[in-house]
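The values are calculated or read from the model by the stated rules, or taken from the named source; none is laboratory data. As the structure is a computational prediction, the values presented were derived from the model and not from experiment. All Cβ positions, glycine included, derive from the backbone under ideal geometry; neighbour counts span all protein chains shown.
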């Protein structure tokens, strides 16, 4: 894979994860209890599925989307950014 194509792919994946997390958060603001429960389950599942090496990129998108969720980054995840 060409370096530019790889960068674009990682950028798109991070953006997609952040959008899914933001949509799951949005369900929390609905007054219907079942939708809130589904939103919480969906968010928990998404948080487990985001690859650790991509979490710092997803955090940047979440900040841009004004989402409440952020990943806590370990030293290993931060080192992988370079």
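With the checklist (1) exposed (fewer than 12 other Cβ atoms within 10 Å of the Cβ); (2) modelled with pLDDT under 85 in hand, flag the one item residue 35 doesn't pass.
(1)
Taking the stated definitions as given, is residue 41 in a helix (DSSP H, G or I) and farther than 14 Å from residue 62 by Cβ? Steps first, please.
Details: in a helix (DSSP H, G or I): yes; farther than 14 Å from residue 62 by Cβ: yes.
Criteria met by residue 41.
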